[in-house]
Every structure is written in C-alpha cells, then in structure tokens.
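Report on one structure; see the data block that follows.
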Amino acid sequence: MLIKRKRGWEMPEHLATPEHVFLNRRAILAGMAAAGATALSGGPALAAPYPARRNETYTLDRPLTPEKITGNYNNFYEYGTSKKVASAAEQLKTEPWSVRIDGMVAKEMTLSVDDIVAKIGLEERLYRHRCVEAWSMAVPWTGFSLAKLVALAAPTSAAKFVRFETFNDPKMAPGLAQSWYPWPYVEGVTMAEAGNDLAFIATGIYGKALPKVFGAPIRLVLPWKYGFKSIKSIVRVSFTDKRPVGMWEQLQASEYGFWANVNPEVPHPRWSQATETFLNTGERVPTQLFNGYGPYVADLYKGLEKERLWA
Ligand code: MTE
C-alpha cells in the first residue's frame, strides 16, 4: 500500500510534530551524507543548513499555509504591483550577495549570507503573518533572531535604531525603474524591538533556502507588525540614532507609519483591520492585538502611548 506522507505545512500545526521529528531525521541524514562526501574529498565536514531544527517556543492557532498559495500571492513591488510576481522575481540574482553592516558599529563590515549563517546558525519557527491589506498566512521560516545579528554587528551605545535596505538594481528588478516609488525599499525598528526574540531574520522557508519571491536570500520577519515592515532581499543593515523613514512612510505617511503594530481596533484609511482572511481557505477570523504576540512584545511600547503605534 502506498502511504503518502503530507509535509508539515500541509496539515494543521497540532498534527505537524511527527513531521518535525521526521525533518530533524532528514537533517541528521543530510549532515551525515555531507560529512561522508567531504570525508572522501578531504574537505571540512559541513552540516546541511536546511531543514533546521524547529524552535518550539512559538506555536500557531491555525494550520500552516501551503507554499503553492503563499508563493503565488506576494507583495514584492520591485517586481510590480501584481500578487503574481513569482516568475518575474526569478530575475533576482542572489549569488553573489553580501550584506553591508555599517553606521554606529564598532567596525563596519561586509558579510556574505553564508558567512552570517555559518557564524549564527539556523532554526525554524512557525509564525503568523498579517498584511495591512487584511490577508494573513502562517509559515515555517528558517533563520535566526535579529538580536543575534545585532550582537554580531556590535553597535555602539549611541545607536537607537536599525535601518534595513533592499537592493536597488533595475537590471534585476524592472519595478525599480518606476521613479514614482522612493526606492530603495527601506524599513526600520528601534534597538529595543531588534533585541526582542520574536524579531527574526529569515534565510529560508518551508525547510529550504528562501525562494526568490519571498525575498531571497535574506529578509526580516516581524510577525507582530503589518507585513510591509518585513523587508525583503536585504543588502544593508545600518545602526543609527535617527528614526528610519520606510519607503511606504515616505510615499504616504498618513497610511503607513514607523511602528505599524497590528491592532484590530485601529483601521487603516483603506482597510478595516478588525478581521483578516486566511490566504488558503478564505476563512475570515478576528484579528488579534499585536497579531496575537502581545505577551512577547507589548512591554516594548510601555511609555510610548503618545506615539502612533498602529498602522
Ligand atoms: N520588501 C521589499 N523589498 N519589497 C516589497 O514590496 N512588500 C512587503 C514586505 N516586504 C515588500 C517587502 C509587504 S507589503 C508584505 S505583506 C510582505 O513583504 C509580503 O511578504 P511575502 O510576499 O513573502 O508574503
């Protein structure tokens, strides 16, 4: 009898654990295979980075969204305003790719994504993602906490914000020739937000390296904020004492602010935020404050009540 085993993201999260064990077994086997291969060639034994061990701290209240849905409904304005940008995004050249770390740091540096992964290591986390357009998904990211990248960068005590920048090469992305957008895509967080364990840098998704449309080879993931804060295809990480102005904020500050924390009670000028629609099922559910991550992040905003913390 043929037994077809579903992958973790094709079944409800409470059923996904056996798959997780299975994934770890695969990781061990892959690592053993890599070690065997390098033993023959005499090189160093490298562990295969994907799939990575899952960090069980963050759990879901909904099934994971299959890749065939999330990979065909994307926002990546460098490749146009359509949600169907996966084939256009194939123009993105991710090798070579380096990330410049600069500004208020002990020593500015340029690192390849492989260098960063080798220094920090990878883990998998299941996160919800809520776009300000009121759709949502749940995906297994692979990466590491942003706090670990901050530690690697060693910012000085003068740094108050982290600013992220996406590539800006129109040869790789035709949307970048559209001069009405203030390219490059920029986003930022406070140092306190960057130090929160929930803030994540992803280099993979669904147990493999990021496909281009998800913002390969390295992107930010901030699950308690609206999706536009989760900047893709990062080439520069700067430490600064000036609050970064994101691309959307620069374009339309009345609609897109710096903080952009999820709050069902504060509507965006064009979309109510009270509910959200699951991308996979079309089911509409109430949206949660901080996208359900309040216990992890609400403290970050104590004393900041006068700020426009939502959308
Ligand atoms: N990053 C860049 N560089 N360009 C973009 O257009 N779109 C943002 C964010 N990061 C965007 C970006 C928005 S609006 C959302 S909702 C998420 O990416 C979408 O991520 P996904 O396509 O992986 O679902």
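His129 meets each of the listed conditions (1) crowded, with 18+ Cβ neighbours inside 10 Å; (2) more than 10 Å from the ligand (Cβ to nearest atom) apart from (2). For the range 249-270, the count of residues that are crowded, with 20+ Cβ neighbours inside 10 Å, at pLDDT 95 or above and farther than 30 Å from Asp61 by Cα is nonzero. Selection of the range 74-105 for residues being touching a strand residue (DSSP E or B) at 6+ places or on another chain (Cβ under 8 Å) and small (Gly, Ala, Ser) yields Ser98, Gly103.
Tell me, yes or no, whether the range 192-214 has at least one residue that is within 10 Å of the ligand (Cβ to nearest atom), surrounded by 21 or more Cβ atoms within 10 Å (Cβ to Cβ) and assigned to a loop (DSSP other than H, G, I, E, B). Scanning the range 192-214 turns up at least one residue that is within 10 Å of the ligand (Cβ to nearest atom), surrounded by 21 or more Cβ atoms within 10 Å (Cβ to Cβ) and assigned to a loop (DSSP other than H, G, I, E, B).
Kindly establish whether Trp224 is more than 8 Å from the ligand (Cβ to nearest atom) and either open to solvent by 30 Å² or more (accessible area, probe 1.4 Å) or in contact with a His (Cβ under 7 Å, 6 or more places away or on another chain) (or both). It is false that Trp224 is more than 8 Å from the ligand (Cβ to nearest atom) and either open to solvent by 30 Å² or more (accessible area, probe 1.4 Å) or in contact with a His (Cβ under 7 Å, 6 or more places away or on another chain) (or both).
If you filter the range 54-73 down to residues that are of a type in the set (S, T, N, Q) and under 27 Å from Gly121 (Cα atoms), you find that the one that is surrounded by the fewest Cβ atoms within 10 Å (Cβ to Cβ) is Thr59.
Cβ-Cβ distances below 7 Å connect the following pairs, each with a first residue in the range 168-184 that is in a loop (DSSP other than H, G, I, E, B), a second residue that is more than 12 Å from the ligand (Cβ to nearest atom) and open to solvent by 70 Å² or more (accessible area, probe 1.4 Å), and a separation of six or more residues or different chains: Pro170/Ala177; Met172/Gln91; Met172/Lys93; Ala173/Gln91; Pro182/Gln250. Tell me yes or no: at least one residue of the range 154-162 is closer than 14 Å to Val237 by Cα, open to solvent by less than 40 Å² (accessible area, probe 1.4 Å) and among the small types (Gly, Ala, Ser). Within the range 154-162, one or more residues are closer than 14 Å to Val237 by Cα, open to solvent by less than 40 Å² (accessible area, probe 1.4 Å) and among the small types (Gly, Ala, Ser).
Every residue, every condition in (1) out of contact with any Leu (no Cβ under 7 Å at 6 or more places or on another chain); (2) acidic (Asp, Glu), yes or no:
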position: Tyr185; (1), (2): yes, no
position: Met191; (1), (2): yes, no
position: Ala199; (1), (2): no, no
position: Tyr226; (1), (2): yes, no
position: Ser238; (1), (2): yes, no
position: Asp241; (1), (2): yes, yes
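The values are calculated or read from the model by the stated rules, or taken from the named source; none is laboratory data. Note that the structure is predicted; figures quoted are calculated from it, not measured. Note that we place each Cβ from the backbone using ideal geometry, even for glycine, and neighbour counts take in every protein chain shown. Calculation scope for accessible area: heavy atoms of the full protein, side chains included, ligands and nucleic acids excluded. Shrake-Rupley method; radii C 1.70, N 1.55, O 1.52, S 1.80 Å.
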